[in-house]
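Here the structure is laid out as C-alpha cells; the discussion comes afterwards.
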Amino acid sequence: MKRIVLILSAAVLIASCGSQGNKVAKLEKATGTMSEVLPKVKIPKANASQIAADVSFLASDDLEGRDTGSDGILAAAKYLQNRLHEIGLQPYKGDFFDDFDAKGAQAFNVVGMLPGTDGVLKDEIVVIGAHYDHIGFMKAVAGDSLANGANDNATGTASVLAIAQALKQVDFNRRTVVFALFSAEEKGLLGSKHLAKRMKAEKENVVAMLNFEMIGTPMVGREYIAYITGHDKSNMASVFNAANNNRLVTGKLDKAVEYNLFMRSDNYPFFNEFQVPAQTFSTFDFTNFKYYHQPGDEVSEVNAPHMAAVVDAVMPGIMAVVNDERLKMMANE
C-alpha cells in the first residue's frame with residue numbers, strides 16, 4: 001500500500017511540471033523502475049500525411065531513382081537534412097552530412113542525433129537507420145525505365161523521420177539516439193559500413209542498431225505487423241512485443257532466414273563492428289509486393305496509414321531500448 005501511495009503522489013507531483021521528460025524523470029525517481037514508468041509515457045501518433053509526403057518527395061520522378069552520385073540523391077540528401085533540422089535534431093558531430101567515397105562517386109549519409117538525458121546512459125548510443133538511395137534507371141518495363149524506389153526504401157526513410165519526430169516530442173531518451181539515413185546501400189551497404197567503421201574508430205559506445213527496410217505494404221496472414229531479420233540473434237523481438245500491450249509487434253519470417261536478410265541490409269555493418277543487437281524491421285514478406293527493383297515501385301503501390309501503424313507499433317519498444325535495460329545477444333547465437 002505504501003508503494004501505491006508513493007506512485008500516486010508522484011503522479012500528482014509531476015502534473016504541474018513542464019516537459020514530459022521532466023515528468024517521466026520525476027516519476028522514475030519515485031518508483032525506481034523504468035518498466036513501471038514507460039507504459040505511462042504518452043507517445044504521439046505517427047502522422048500518415050507527413051509520411052506520405054516524405055515518400056512522395058523521395059520517390060518522385062524528379063529525383064530520378066536516387067542513384068548514388070546523382071543529382072537526384074543530392075536533392076534527397078538536402079531534403080532529409082532540412083527535415084532533420086525541422087524536427088529539431090542536432091547534426092551528428094557538427095554536420096548532418098557524413099561524406100564518403102562510394103566506388104568513385106561522392107556520397108552522403110545524412111545523420112542527426114538526440115543527446116541522451118541520463119548522466120551515465122547518455123554515453124550509450126542507439127542507432128536508428130534506413131537507406132535512402134535506390135538504383136536510378138534500369139532496363140525499361142512497359143516503356144518505363146525509372147526505378148523510383150518508393151517501397152525500397154523511401155518507406156523506411158520516412159518511417160525513421162516519423163520515429164525521430166515522436167522521440168523529439170516525447171522528450172525522454174536516457175541514451176543518445178543517432179538517426180542515420182544511408183546512401184549507397186544498393187552498392188553494397190557502403191554508407192552503413194562507412195558510418196559503422198567511423199563510429200568504431202571514434203570509440204562510440206553503440207549498444208543497439210534498429211534498421212527499417214521496405215515497410216510500405218501490410219504483411220499477409222500474419223498476427224504481427226512486422227518481422228525482424230536475425231530474429232533469434234537477440235532478445236529484440238521479445239522486448240518489442242512485451243513493450244506494446246495493444247498488439248503483437250514482430251515475429252519470425254522463414255523467408256527472411258532462407259534468404260539470409262540479416263546480412264543484406266544496413267543493420268549488418270553495425271553488428272560486425274560492435275557485436276551488439278542490430279536488426280532490420282520489414283513488412284516485405286515476398287508475397288505482398290511485386291515490384292522489387294522494378295520501375296513499378298511507385299508511390300501508388302505503398303500504404304502510408306500502414307506505415308504510420310508500424311511506427312506506432314514499434315514506438316513502445318523503441319522507448320524501452322533507449323531508456324531501459326540493454327538489449328542482449330542470445331547465447332546460442
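The values are calculated or read from the model by the stated rules, or taken from the named source; none is laboratory data. If you're wondering where the values come from, they're calculated on a predicted model, not measured in any experiment. So basically every Cβ, Gly included, is an ideal-geometry build from the backbone, and we count neighbours across all protein chains shown.
When we screen Glu124, Glu185 for residues that are within 16 Å of Leu58 (Cβ to Cβ), in contact with a Ser or Thr (Cβ under 9 Å, 6 or more places away or on another chain) and modelled with pLDDT of 95 or more, the only hit is Glu185.
Just one of the listed residues (Met307, Met315) is in contact with a Gly (Cβ under 7 Å, 6 or more places away or on another chain), more than 21 Å from Leu190 (Cβ to Cβ), crowded, with 23+ Cβ neighbours inside 10 Å and not polar (S, T, N, Q), namely Met307. Of the residues Lys122, Lys139, the single one that is outside any strand (DSSP E or B) and either of a type in the set (D, E, K, R) or within 28 Å of Pro305 (Cβ to Cβ) (or both) is Lys122.
Here Lys23 clears all of (1) crowded, with 18+ Cβ neighbours inside 10 Å; (2) at pLDDT 95 or above; (3) among the basic types (Lys, Arg) except the condition numbered (2). Would you say Ala150 is crowded, with 24+ Cβ neighbours inside 10 Å and touching a residue at least 12 places away in the same chain (Cβ under 8 Å)? The answer is yes for Ala150. Being free of Cβ contacts under 8 Å to residues at least 12 places away in the same chain, under 19 Å from the mean Cα position of the chain (by Cα) and outside any loop (DSSP other than H, G, I, E, B) is a condition met by no residue of the stretch 243-258. Being assigned by TED's automatic domain parsing to the domain that holds Ser192, of a type in the set (Lys, Arg) and surrounded by 15 or more Cβ atoms within 10 Å (Cβ to Cβ) is a property that does not hold for Arg247. Only one entry of Ala196, Ala130, Ala142, Ala184 meets the criterion of being at positive phi and buried (at least 24 other Cβ atoms within 10 Å of the Cβ), and that entry is Ala184. What number of residues in the stretch 213-242 are at negative phi and in a loop (DSSP other than H, G, I, E, B)? Of the residues in that region, 13 qualify. Restricting attention to the stretch 92-111 and to residues that are farther than 13 Å from Lys78 by Cα and surrounded by 16 or more Cβ atoms within 10 Å (Cβ to Cβ), the residue that is farthest from the chain's Cα centre (by Cα) turns out to be Ala105.
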